[in-house]
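One structure is given below, encoded as structure tokens.
The values are calculated or read from the model by the stated rules, or taken from the named source; none is laboratory data. Since the model is a prediction, treat every value here as computed from it, not as a measurement. Methodologically, a virtual Cβ is constructed for each residue, glycine included, from the backbone with ideal geometry; neighbour enumeration extends over all protein chains shown. Protein only, heavy atoms only, side chains kept; ligands, DNA and RNA dropped before computing areas. Shrake-Rupley method; radii C 1.70, N 1.55, O 1.52, S 1.80 Å.
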Amino acid sequence: MTYTLYGHVQSRAIRPLWLLEELGLPYSFVTAKPRSPEALAVHPSGKVPVLDMPEGRMTDSVAMMTLLTDREGRLTHPPGSYARGQQDALTQRINEQLDAVLWAYAKHSFVLPEDHRVPAVKDSLEWQFAQHAEGLAAALGAGSYLMGANPVVPDFLLAHCCSWAKGRGFALPDALRAHMTMMRARPAFRRAQAQGDT
Amino acid sequence: MYTLYGHVRSRTLRPLWLLEELGLPYTFVTAAPRSAEARAASPDGKVPVLDTPEGRLTESVAMMTYLSDRHGQFTRAAGTFARAQQDALTHTILERLDALLWENAKHTLFLPEAQRVAAVFPSLRWQFAQNGTALADLLGHGPYLLGADPLVPDFVLAHCAIWALRQDFPLPDALHRHTEMMQARPAFARAIRQEVP
């Protein structure tokens with residue numbers, strides 16, 4: 001079984017790309033920046049990532065991470081278990097408290113049509129991000145992953161959101177910075193990132 | 001046996017509704033966001049909170065996923081392509097509707113006054129109208145998002161629509177019809193009975 005992933009390493013596409021590498025799955029990567037002709041060829045509004053699998057085409061980076069880990073039974077807890085409930089709660093929290101705030105910041109910077117951007121909200125978004133990051137840092141034990149000795153889906157999501165925030169120049173608490181550094185030192189991350197060099 | 005803490009006029013309605021759909025035994029404890037009752041169950045007073053036999057869970061969508069997987073209804077099997085489509089819909093609804101409604105609520109009520117920016121309201125409303133239309137297109141042949149039966153994202157969508165109507169946000173006709181159909185379910189009527197008059 002082979003997967004084809006369309007996207008760009010400097011987008012949410014790095015999430016499923018990283019997991020494809022972690023899981024050692026065979027895949028092809030097609031570089032497609034958001035709203036580029038390559039992206040519009042596989043998605044009506046040019047959103048990436050897009051993942052082609054034998055059964056069909058799918059969207060949404062978190063849904064892709066969930067599918068790949070459930071299929072392989074690794075980097076996740078079993079569906080329906082209490083541990084999975086906790087894991088999914090972390091994923092939802094990171095999505096709402098970090099990803100959505102970063103996305104809102106991007107929207108009001110360059111994604112929305114100019115007359116619907118409200119630059120005045122950006123300071124508030126940066127403040128919200130700092131509050132939420134402190135809360136998540138407190139939930140993270142020193143030198144460990146979110147749920148103990150091994151990384152699970154929300155660790156990859158958190159590491160990507162922190163990289164995204166760092167690129168924006170947002171401040172990161174020490175515990176989140178240490179978690180991000182530990183995650184990015186994984187060989188699979190290096191291999192995923194190298195897809196941006198080709 | 002489950003205990004759910006929260007308020008019907010919040011995202012608590014989602015797991016509450018699903019508990020009723022699944023016919024599971026549960027106790028409901030009314031706790032408005034940030035109330036003393038909510039702070040007793042969650043340090044920052046966030047609701048809903050769900051007590052399960054194994055421990056406490058947070059986040060409404062995580063609760064819905066847990067309940068539907070555990071009891072094998074209103075969801076496709078994990079790891080299947082159909083489940084991936086279902087999860088993509090859930091996340092799309094969260095990003096395109098829920099996040100905007102939450103931003104609107106934050107700048108109305110939940111942020112400290114110094115961090116509220118009223119100038120963002122017209123943009124949020126405009127974005128919601130755009131995204132609502134895009135989601136209405138996803139309803140396809142229906143009647144539910146993925147065919148003949150409702151799944152987790154149908155409940156999330158219906159709840160976002162109810163929330164939007166309460167805030168007087170615009171809703172396309174197709175989403176109106178979906179919401180009305182969802183609200184006509186007997187389990188919905190039982191869930192909202194938990195609302196304190």
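Scanning the range B:86-114 for residues that are in a helix (DSSP H, G or I), over 18 Å from B:Val47 (Cα atoms) and at the interface with chain A (Cβ under 10 Å from one of its Cβ atoms) gives B:Gln86, B:Asp87, B:Ala88, B:Leu89, B:Thr90, B:His91, B:Thr92, B:Glu95, B:Leu100, B:His107, B:Ala114. In the range B:62-82, the residue that is nearest to the other protein chains (Cβ to nearest Cβ) out of those that are open to solvent by less than 10 Å² (accessible area, probe 1.4 Å) and under 26 Å from B:Ala136 (Cα atoms) is B:Ala62.
Restricting attention to the range A:75-89, report how many residues are touching an Asp or Glu at 6+ places or on another chain (Cβ under 8 Å) and either in contact (Cβ under 8 Å) with a residue 40 or more places away in the chain or surrounded by 22 or more Cβ atoms within 10 Å (Cβ to Cβ) (or both).
In the first step, residues of the range A:75-89 are kept if they are touching an Asp or Glu at 6+ places or on another chain (Cβ under 8 Å); the result is A:75-76, A:79-80, A:82, A:84, A:88-89.
Imposing the further condition that a residue be either in contact (Cβ under 8 Å) with a residue 40 or more places away in the chain or surrounded by 22 or more Cβ atoms within 10 Å (Cβ to Cβ) (or both) reduces the set to A:75-76, A:84, A:88-89.
So the answer is 5.
Would you mind finding the one in A:His116, A:His132 that is closer than 23 Å to B:Arg116 by Cβ and in contact with a Ser or Thr (Cβ under 8 Å, 6 or more places away or on another chain)? After ruling out the rest, the residue left standing is A:His116.
Pairs meeting the criteria (first residue in the range A:119-130 and at the interface with chain B (Cβ under 7 Å from one of its Cβ atoms), second residue among the charged types (D, E, K, R) and open to solvent by 60 Å² or more (accessible area, probe 1.4 Å), beta carbons under 8 Å, at least 6 apart or on different chains) are A:Ser124/B:Arg116. All of B:Leu157, B:Leu146 fail the test of being of a type outside the set (Gly, Ala, Ser), in contact (Cβ under 8 Å) with a residue 40 or more places away in the chain and open to solvent by 20 Å² or more (accessible area, probe 1.4 Å), apart from B:Leu146. Screening A:Pro113 with (1) over 21 Å from B:His107 (Cα atoms); (2) within 21 Å of the chain's Cα centre (by Cα) gives one miss only, at (2). Of all residues in the range A:2-24, one or more are surrounded by 20 or more Cβ atoms within 10 Å (Cβ to Cβ), outside any helix (DSSP H, G or I), modelled with pLDDT of 95 or more and of a type in the set (A, V, I, L, M).
Screening the range A:124-198 for helices (runs of 4 or more DSSP H) wholly inside it with 2 or more residues that are at positive phi returns no ranges. In the range B:1-59, the residue that is farthest from B:Arg166 (Cα to Cα) out of those that are at pLDDT 95 or above and among the basic types (Lys, Arg) is B:Arg56.
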